[in-house]
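The structure appears below as structure tokens.
The values are calculated or read from the model by the stated rules, or taken from the named source; none is laboratory data. As the structure is a prediction and not an experimental result, all values here were calculated from the model. Here the Cβ positions follow ideal geometry from the backbone for every residue, glycine too, while neighbour counts run over all protein chains shown. These accessible areas exclude ligands, DNA and RNA; they are computed on the full protein's heavy atoms, side chains included. Shrake-Rupley method; radii C 1.70, N 1.55, O 1.52, S 1.80 Å.
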Amino acid sequence: MTRFIFITGGVVSSLGKGLTTAALGALLQARGYKVRLRKLDPYLNVDPGTMSPFEHGEVFVTDDGAETDLDLGHYERFTGVAAKKTDSISSGKIYSNVLDKERKGDYLGKTIQVIPHVTDEIKKFIEIGEKEVDFMLCEIGGTVGDIEGLPFFEAIRQFSQEKGVGSCIFMHLTLVPYIQTSGELKTKPTQHSVKELRSIGLSPDILVCRAKDRIPNEEKKKLALFCNVKPEAIISAYDLNSIYDAPLAFHRECLDIAVLNAFQLDTEKKLDLSIWKGVSKNINFPEGEVRIAIVGKYTKLGDAYKSIAEALTHGGFANNTKVIAEWIDSEIFEKENTASYLQNFSAILVPGGFGERGAEGKIMAAKFAREKKVPFFGICLGMQMAVVEAARNLAKIKNASSEEFHYPYSKDKKEIVPIIFHLEKWLDQGKIITRKFTDYKGGTMRLGSYDAVLIPRSKVSEIYNAKTISERHRHRFEVDISYKEILEKKGFIFSGLSPDGSLPEIIEIPDHPWFIGVQFHPELKSKPFSPHPLFSDFIKAALKQSRLV
Ligand code: GLN
């Protein structure tokens, strides 16, 4: 029988519901259970693909090409279970399914209402693939009391009724603030949040309380009494050095036991936490440290490049090193001297991004890294800018640029040479996909996993130790393969290509300590217990460089 755990949040947002869900998934796996983690987001966008990273953080892409919330990245990093399209849903998607059906005539004769039509659609989504796992963990985005969240809360209430006793539990994450002046921990916001939950028919089985430190038993008892939850089901989620300490910290707080008890499952079942003990050792006892510059546009919000930050940390784990990533807004190089900013770093990473703003600065960072022989990692737009730099400065194609910045590119005007062009037709698992620049913006990029064939004896084939790889993509533009010959004469090699040879997937400079650009997003597949080989090798190169700086 599949068991469902619904995770809701209260009091304020950003308490770490996604991380809590991910860490609980890892703990259940450590007891030998199969899990799947899902996110139900109440916002009206069909998916987060069209939202600004400034507002919503990174867009996480799944193997099957869904653009999802960054919490799915946490889920994958903690459980290693590859997320699917069916693990992420929003009100927008639910409503668009319902409205499609209405137009098709599926509900002919009926008045379409939130209850039952919208709630039914949500319930159907929760159940997808339920038979494949022991536990389905469903996190509801936002906080209880949000207007948009109501259909989701109502749907999970109905769902638990229909599934019957023992198949669903509710876990609520709240905040227990400490008031400095009175020296007290305050339980009232949690009491109010639980009251709000109750008013819509949901009673939490477990309360996870965010606080700076562990919550003393006295306060736990008080919370239990006022919130009608067993004292042993009040779990403190206190501040940690690293998010990867969360599974062990939650285990110390007996979160896994509380969940098993709530389902009346055997708590003696074997438990293997060796993976997390290993990760924790890596975090807490690094032997050295290395400073990496991340030159991008969305540097003000750490979440915008969440997976890159995590993958760098994992690369550090592989080298017993603490990675200190510093975010630099690329626009600064358009006004000030590049070297003065970059010379004290052991490596430079230019991540993905969209739009022209800051692009020239990224090109300057790539030039600096190439000329000064500083390890360089270009990801997606970062790779494209490194190619534009080489085209301009090595191949002397003065007007080399990307169509992204000059669309609609007019062949008559000849104002740019589109080394990076808008891809309108490509192969996806044997199927031809066609796109126009004027098409809808949502979900129309080259998305999800695609294979790349690696050139033998290249640096990347050594790093991956493979002939073919599969990595996740999210972009509209591509490096034009017709510049391969010109650039290869100038010391670049196109070391990874799409299986039909038409799309450059990886570029590298053999005569450089470490200069690699990839069209895909390797950061999305890195895990703390299995760092991505490109990130491990990049940090290794940075360490080597740090000994020279
Ligand atoms: N804007 C670029 C493109 O669409 C790169 C996208 C990215 O970096 N993910 O091709």
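Mind counting the residues in the stretch 485-529 that are open to solvent by 10 Å² or more (accessible area, probe 1.4 Å) and in contact with a Pro (Cβ under 7 Å, 6 or more places away or on another chain)?
3
Determine whether the stretch 293-300 contains at least one residue that is away from the ligand (no atom under 16 Å from the Cβ) and either out of contact with any Pro (no Cβ under 6 Å at 6 or more places or on another chain) or not in a helix (DSSP H, G or I) (or both).
Yes, some residue in the stretch 293-300 is away from the ligand (no atom under 16 Å from the Cβ) and either out of contact with any Pro (no Cβ under 6 Å at 6 or more places or on another chain) or not in a helix (DSSP H, G or I) (or both).
Criterion first (within 16 Å of the ligand (Cβ to nearest atom), of a type in the set (F, W, Y) and within 30 Å of T79 (Cβ to Cβ)) does Y464 satisfy it?
no
Kindly indicate which of G442, G448 is open to solvent by 20 Å² or more (accessible area, probe 1.4 Å) and among the small types (G, A, S).
Checking each option against the conditions leaves just G442.
Which helices (runs of 4 or more DSSP H) sit wholly inside the stretch 195-264 and have at least 2 residues that are among the small types (G, A, S)?
246-252, 255-262
Specify the residue that is nearest to the ligand (Cβ to nearest atom); the eligible residues are those in the stretch 470-484 that are under 11 Å from F520 (Cα atoms) and surrounded by 19 or more Cβ atoms within 10 Å (Cβ to Cβ).
H475
For every residue, the table says whether it meets (1) surrounded by fewer than 18 Cβ atoms within 10 Å (Cβ to Cβ); (2) aromatic (F, W, Y); (3) at positive phi.
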site: S199; (1), (2), (3): yes, no, no
site: D205; (1), (2), (3): no, no, no
site: P216; (1), (2), (3): yes, no, no
site: L223; (1), (2), (3): no, no, no
site: N228; (1), (2), (3): yes, no, yes
site: S236; (1), (2), (3): no, no, no
site: D239; (1), (2), (3): yes, no, no
site: I243; (1), (2), (3): no, no, no
site: E253; (1), (2), (3): no, no, no
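Which condition number in (1) at pLDDT below 95; (2) away from the ligand (no atom under 16 Å from the Cβ) is the one that S401 fails?
Checking S401 against (1) at pLDDT below 95; (2) away from the ligand (no atom under 16 Å from the Cβ), the one that fails is (2).
Yes or no, residue by residue, for (1) at pLDDT 95 or above; (2) over 27 Å from V46 (Cα atoms); (3) not aliphatic (A, V, I, L, M):
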{"position": "E371", "(1), (2), (3)": "yes, yes, yes"}
{"position": "H406", "(1), (2), (3)": "no, yes, yes"}
{"position": "S410", "(1), (2), (3)": "no, yes, yes"}
{"position": "E415", "(1), (2), (3)": "no, yes, yes"}
{"position": "E424", "(1), (2), (3)": "no, no, yes"}
{"position": "A452", "(1), (2), (3)": "yes, yes, no"}
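Consider L423 carefully, then state whether it is aliphatic (A, V, I, L, M), within 13 Å of the ligand (Cβ to nearest atom) and out of contact with any helix residue (DSSP H, G or I) (no Cβ under 7 Å at 6 or more places or on another chain).
Values: aliphatic (A, V, I, L, M): yes; within 13 Å of the ligand (Cβ to nearest atom): yes; out of contact with any helix residue (DSSP H, G or I) (no Cβ under 7 Å at 6 or more places or on another chain): yes.
Judged against the criteria, L423 is a match.
Among what's in the stretch 282-312 and is under 14 Å from F538 (Cβ atoms) and more than 14 Å from the chain's Cα centre (by Cα), pick the residue that is most open to solvent (accessible area, probe 1.4 Å).
If we take residues in the stretch 282-312 being under 14 Å from F538 (Cβ atoms) and more than 14 Å from the chain's Cα centre (by Cα), then R291 is most open to solvent (accessible area, probe 1.4 Å).
Consider Y440 carefully, then state whether it is part of a loop (DSSP other than H, G, I, E, B) and under 28 Å from the mean Cα position of the chain (by Cα).
yes
Could you list, in sequence order, all residues of the stretch 332-389 that are among the polar types (S, T, N, Q), away from the ligand (no atom under 12 Å from the Cβ) and assigned to a helix (DSSP H, G or I)?
Within the stretch 332-389, the first condition is being among the polar types (S, T, N, Q), and the residues that meet it are 337-338, 340, 343-344, 346, 384.
Add one more test, that the residue is away from the ligand (no atom under 12 Å from the Cβ), and what stays is 337-338, 340, 343-344, 346.
Within the stretch 332-389, T338, S340 meet the criteria.
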